[in-house]
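The values are calculated or read from the model by the stated rules, or taken from the named source; none is laboratory data. Being a predicted model, the structure only gives us computed values, none of them experimental. Neighbour counts run over all protein chains shown; Cβ positions are idealised from the backbone, glycine included.
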Amino acid sequence: MNLSSLKTPLTAVAVAAVALTLVACGKKADDVQVIKIGHVGPTSGAIAHLGKDNENGAKMAIEELNAAGIKIGDKAVKFELLAEDDAADPKQGTAAAQKLVDAKVQGVIGHLNSGTTIPASQLYNAAGIPQISPSATNPKYTRQGYAGAFRVVADDVHLGGTLGKYAVETLKGKNIAVIDDRTAYGQGVAEEFEKAVKAAGGNLVGHEFTTDKASDFNAILTTLKGKKPDVVFFGGMDAVAGPMLKQMKQLGINAKFMGGDGICTSELAKLAAEGMADENVFCAEAGGVEGEQKAGMDKFRADFKTKFNADVQVYAPYVYDAVKVMVQAMVTAGSSDPAKYLPALKAINYKGVTGNIAFDEKGDIKNGALTLYTYKGGKREQIAVVR
């Protein structure tokens with residue numbers, strides 16, 4: 001048999017088969033809608049451990065959603081996470097936001113810091129893209145009148161207010177000093193703390209200022225030492241609080257140390273090292289679960305540790321829930337078009353690992369919780385959940 005005589009027919013069959021395969025694949029690809037969700041956090045710089053924690057929470061949610069085979073309307077969908085680094089810097093934050101706007105994401109989870117969340121929110125609002133922050137606590141964020149701005153944690157009014165009252169009524173602070181890092185978050189939470197201290201009849205003996213990049217606090221701490229504080233509150237992040245605690249010990253300042261969610265991390269004990277004594281540091285995390293909800297949070301933490309070989313720092317569960325909430329709104333609306341799913345997001349009532357999530361008219365979480373913590377043996381220990 002002459003095989004050369006079969007070359008032409010076989011080639012034609014092969015070409016036809018390839019063509020049919022391409023058509024079939026093309027049809028299949030057209031049937032799956034890609035939905036892009038942005039996430040922004042500081043994955044470089046001093047608080048990169050917090051940004052990575054948040055980003056991992058988003059990755060976990062996206063992977064679970066894709067594995068679940070979600071449909072929106074009658075279309076199968078695939079979720080794609082577009083993760084950006086803002087280095088906790090407002091300018092880099094707006095650049096990251098513009099990048100996501102240009103990429104035509106259908107929604108954004110982030111940013112982590114109030115100082116980056118607030119300027120970025122202007123860009124998302126102008127583009128009509130809903131934004132859920134899992135951790136920005138400055139009240140201004142949801143008080144700008146933006147229809148698509150939401151947060152899944154309590155704000156600084158609640159956070160700073162609860163800590164100020166606790167400093168006076170529970171820690172029995174007689175002389176209370178305040179330091180803040182002049183960021184939108186640090187200044188905001190410090191101001192609310194001061195208001196609550198005054199309302200509770202406490203005595204404020206000084207307010208000093210630093211930056212979120214500082215590492216030498218001897219001058220301001222020496223000034224405060226002369227005022228004999230028994231409580232020092234710091235408005236800022238753990239990367240600054242750790243060295244500050246070390247220098248307080250070196251200077252012989254034996255005051256209780258307090259802060260908001262920015263210092264309330266599992267990393268703080270490592271950063272402070274010998275500067276941290278048992279039950280000397282008190283902080284509050286904007287969020288919290290209790291009762292039967294604890295089992296869901298415990299499972300999340302265990303699954304997170306297995307997946308990323310890292311403990312949850314603070315807000316990974318809130319990022320995880322924020323992604324799920326946004327997608328639930330799309331499913332309810334039968335559309336990933338921001339204009340169409342936004343009303344469903346406003347009306348959401350979702351049971352997540354961080355508790356029940358529903359928003360008020362400003363976009364703030366309803367009945368937001370706070371969890372008070374102290375540290376023992378280098379580990380965070382829960383004191384109470386407060387609403």
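Just to be sure I understand, how many residues within the stretch 263-288 are among the small types (Gly, Ala, Ser), over 20 Å from ASP180 (Cβ atoms) and in contact (Cβ under 8 Å) with a residue 60 or more places away in the chain? Explain how you work it out, then say what you get.
Kept after step one, since they are among the small types (Gly, Ala, Ser), are these residues of the stretch 263-288: 266, 269, 272-273, 275, 277, 284, 286-288.
After this cut, where a residue has to be over 20 Å from ASP180 (Cβ atoms) as well, the list is 266, 269, 273, 277, 287-288.
Subsequent filtering for residues that are in contact (Cβ under 8 Å) with a residue 60 or more places away in the chain retains 266, 269, 287-288.
So the count comes out to 4.
Collect the residues in the stretch 74-111 that are over 19 Å from ASN56 (Cβ atoms), part of a strand (DSSP E or B) and charged (D, E, K, R), keeping them in residue-number order.
Answer for the stretch 74-111, where residues must be over 19 Å from ASN56 (Cβ atoms), part of a strand (DSSP E or B) and charged (D, E, K, R): LYS75, LYS78.
Could you tell me which numbered condition GLY262 fails, if it satisfies all but one of (1) closer than 24 Å to GLU194 by Cβ; (2) surrounded by 17 or more Cβ atoms within 10 Å (Cβ to Cβ); (3) touching a Gly at 6+ places or on another chain (Cβ under 7 Å); (4) modelled with pLDDT of 95 or more?
Among (1) closer than 24 Å to GLU194 by Cβ; (2) surrounded by 17 or more Cβ atoms within 10 Å (Cβ to Cβ); (3) touching a Gly at 6+ places or on another chain (Cβ under 7 Å); (4) modelled with pLDDT of 95 or more, GLY262 violates only (4).
With the condition kept exactly as written, say whether any residue in the stretch 37-60 is over 30 Å from LYS270 (Cα atoms) and surrounded by fewer than 24 Cβ atoms within 10 Å (Cβ to Cβ).
no
Which condition breaks for LYS351 when tested against (1) free of Cβ contacts under 8 Å to residues at least 60 places away in the same chain; (2) part of a helix (DSSP H, G or I)?
(2)
In the stretch 287-300, which residue that is part of a helix (DSSP H, G or I) and in contact with a helix residue (DSSP H, G or I) (Cβ under 8 Å, 6 or more places away or on another chain) is farthest from VAL353 (Cα to Cα)?
Taking the stretch 287-300 and keeping what is part of a helix (DSSP H, G or I), we get 293-300.
Imposing the further condition that a residue be in contact with a helix residue (DSSP H, G or I) (Cβ under 8 Å, 6 or more places away or on another chain) reduces the set to 297, 300.
On the way: MET297: 5, PHE300: 7 Å.
My answer is PHE300.
Just for the stretch 184-231: of the residues that are assigned to a helix (DSSP H, G or I) and among the aromatic types (Phe, Trp, Tyr), which one is modelled with the lowest pLDDT?
Going through the qualifying residues, I end up with TYR185.
Report, by residue number, each residue of the stretch 308-329 that is part of a loop (DSSP other than H, G, I, E, B) and surrounded by 24 or more Cβ atoms within 10 Å (Cβ to Cβ).
If the condition is that a residue be part of a loop (DSSP other than H, G, I, E, B) and surrounded by 24 or more Cβ atoms within 10 Å (Cβ to Cβ), then VAL314, TYR315 are the ones that fit.
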